Amino acid sequence: MLRRRGAALLRRACNAATDGTADGALRGFSRQIGEQSIPVGVTSTGWMAAARQAVAPLHSLQRGAKAAPAGQQLRRFSGFTDSRGYQHFGKGPGAAGLLAENQNQIIAVVVAGSVVVWWASRQEVPYTHRMHAILIPARIEIAAGIRAFQEILQEAKEQRALLPRGSPAQARVERIGRRIAAIASDGTTGGGFQGHMQGLQWEFVVINSEETNAFVVPGGKVVVYTSMLKLLRSDDELAAVLAHEVGHVLARHAGERMTEYSWIGVFQLAFYYFMGFTLPHELFALGLFLPNSRKQESEADMIGMDLAAQACFEPAAAALVHKKLGELDKRMGADEMPAILRTHPVSDTRVSDIQAHLPKARVWAERSDCHSKQQGLYDFFR
């Protein structure tokens with residue numbers, strides 16, 4: 001449930017800038033390319049250069065050179081003819097003229113290059129097998145997550161809200177979380193791209209808060225609030241939440257969002273160059289960011305169910321979790337928000353999707369031979 005708090009911290013850590021203004025687009029693009037400036041200046045011959053060129057035949061005559069006929073001199077300094085048939089004096093159209101004359105070709109090259117880059121950067125999401133484009137290297141994604149996680153821990157420590165390691169609540173979260181993370185990091189099931197899962201340093205912390213929430217940042221850093229633990233009574237319910245968060249990491253949802261911000265920054269810069277203004281940020285939020293966020297949350301639900309089933313937890317518990325969260329939203333009035341403005345799908349939709357996916361999740365449980373494992377534990381403690 002990578003909710004708004006975790007997502008905002010991640011956006012701040014990776015310095016994504018799409019504020020809907022020309023300056024914002026330029027700043028965002030500059031940050032994406034590492035503060036490198038791109039020269040777009042225009043050079044021209046200038047009137048001094050033209051004057052020196054005009055008097056060059058006179059100097060030749062003074063040195064005894066033979067002057068060319070007048071017609072040849074006129075042809076020599078007739079300048080150039082542009083693509084529309086207009087004649088201009090000077091050496092050439094310069095960089096600005098070339099850009100203006102070849103604008104359509106430049107646009108075609110940029111669009112074709114973007115399609116090639118997008119196609120080459122596609123990766124397959126494990127379990128769901130959806131293809132998405134990831135331009136951000138995993139190390140940058142993880143570094144951004146670690147910075148965000150350090151800020152979260154520092155703030156919790158200052159407020160004395162961070163539960164110590166080894167406390168009953170923290171130990172429970174870590175025990176279940178590591179069991180699921182081990183399945184996700186195995187790399188032998190689910191298919192798709194999983195190279196970023198190798199060597200992750202998983203951490204599971206609990207913060208004392210009245211907010212009913214849990215979230216994850218890249219690098220395997222999971223945070224659960226105590227209010228969420230009060231809502232989730234069984235280990236199966238807690239496993240559903242933790243598996244959902246691990247699913248976000250496995251699917252590289254943060255890297256996908258960072259890639260979206262990069263593309264929008266480049267698009268805004270190009271749009272400003274050709275049109276003279278940028279598009280409002282709200283347009284991208286409604287048309288791209290929010291729909292993709294809801295899609296990622298649903299995908300994390302499905303992946304989480306498959307991971308929980310392989311870790312021998314009951315995958316149907318995910319439906320119970322979202323029923324409880326839906327009831328909580330109704331008590332708080334949060335259910336009145338239109339679905340189009342939500343970062344997460346409405347609870348009823350999530351419950352229906354979870355119930356539809358349940359047969360597939362149970363197949364993973366059968367492959368893991370969970371019944372035999374649970375029966376062995378029963379016989380051991382009997």
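The values are calculated or read from the model by the stated rules, or taken from the named source; none is laboratory data. Not measured: the values here are computed from a predicted model. Glycine gets a Cβ as well: all are built from the backbone with ideal geometry, and neighbour counts include every protein chain shown. For the accessible areas, the whole protein counts, side chains as well, though only heavy atoms, and no ligand, DNA or RNA atoms are used. Shrake-Rupley method; radii C 1.70, N 1.55, O 1.52, S 1.80 Å.
Computed with the Debye formula from one identical point scatterer per Cα of the stretch 255-366, without solvent, the log10 of I(q)/I(0) at q = 0.14, 0.16 Å⁻¹ comes to -0.71, -0.82.
So if I average 1/r over every pair of distinct C-alpha atoms in the stretch 247-320 and take the inverse, what Kirkwood radius in Å does that give? Could the numbers behind the result be given before it?
On the way: mean 1/r = 0.0690 Å⁻¹.
By the Kirkwood definition, the hydrodynamic radius is 14.5 Å.
The figure for L231 is an accessible area of roughly 40 square angstrom, using a 1.4 Å probe on the protein chains alone.
If the Kirkwood radius is taken over C-alpha pairs of the stretch 92-238, then at 20 °C and 1.002 mPa s the Stokes-Einstein diffusion coefficient equals 114 µm²/s. Modelled spin-label separation between R233 and N208, with each label point placed 7 Å from Cα along the Cα-to-Cβ direction: 2.5 nm. Take the Cα of L288, step 7 Å toward its Cβ, do the same at V109, and the gap between the two points is 2.3 nm. Between T188 and F277, residue separation times 0.36 nm minus the direct Cα-Cα distance comes to 27.1 nm. Taken over the stretch 174-250, the convex hull of the Cα atoms encloses 80 Å³ per residue.
Extension gain, M332 to W118: 0.36 nm times the residue separation minus the Cα-Cα distance gives 72.9 nm. W118 contributes about 110 Å² of solvent-accessible surface, heavy atoms of the protein only, 1.4 Å probe. Computed with the Debye formula from one identical point scatterer per Cα of the stretch 136-193, without solvent, the log10 of I(q)/I(0) at q = 0.18, 0.24, 0.29 Å⁻¹ comes to -0.91, -1.05, -1.05.
Placing unit charges on the Cβ atoms only, positive for Lys and Arg and negative for Asp and Glu, gives the stretch 205-315 a dipole magnitude near 360 debye about its Cα centre.
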